[in-house]
Amino acid sequence: MNYSVQAAQGDLRPSMKKLLHRRKDVQDALSIGHDTFYKLVARGKLRTVKIGAATFVPDDSLRGFLRSLEQEAA
């Protein structure tokens, strides 16, 4: 017997995209240090939120910052 199998159209799993990124993860992803991170926050380039003592960057803020870097380079 021969069977034919087709792949599912699109990814049916729910999105697991992070909504918030820890400060240290953002620093690592951007290859920047502590001082540069807080300078970007002070200049309004990155937005942060706090949950308890932890500082997070919302995903849309990080993606917006990366888009602005790409536009500056173009």
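The values are calculated or read from the model by the stated rules, or taken from the named source; none is laboratory data. Nothing here was measured: the structure is a model prediction, and the numbers come from that model. Cβ atoms come from the backbone with ideal geometry, glycine included; neighbour counts cover every protein chain shown. Note: accessible area is taken over every heavy atom of the protein model, side chains too, but ligands, DNA and RNA are not part of it. Shrake-Rupley method; radii C 1.70, N 1.55, O 1.52, S 1.80 Å.
A few remarks follow.
- Restricting attention to the stretch 24-61, the residues that are of a type in the set (F, W, Y) and over 22 Å from E72 (Cα atoms) total 1.
- Scan of the stretch 19-39 for residues that are small (G, A, S) and touching a strand residue (DSSP E or B) at 6+ places or on another chain (Cβ under 7 Å), ordered by number: none
- Identification of strands (runs of 3 or more DSSP E) wholly contained in the stretch 11-71 with 3 or more residues that are open to solvent by 40 Å² or more (accessible area, probe 1.4 Å) yields 49-51.
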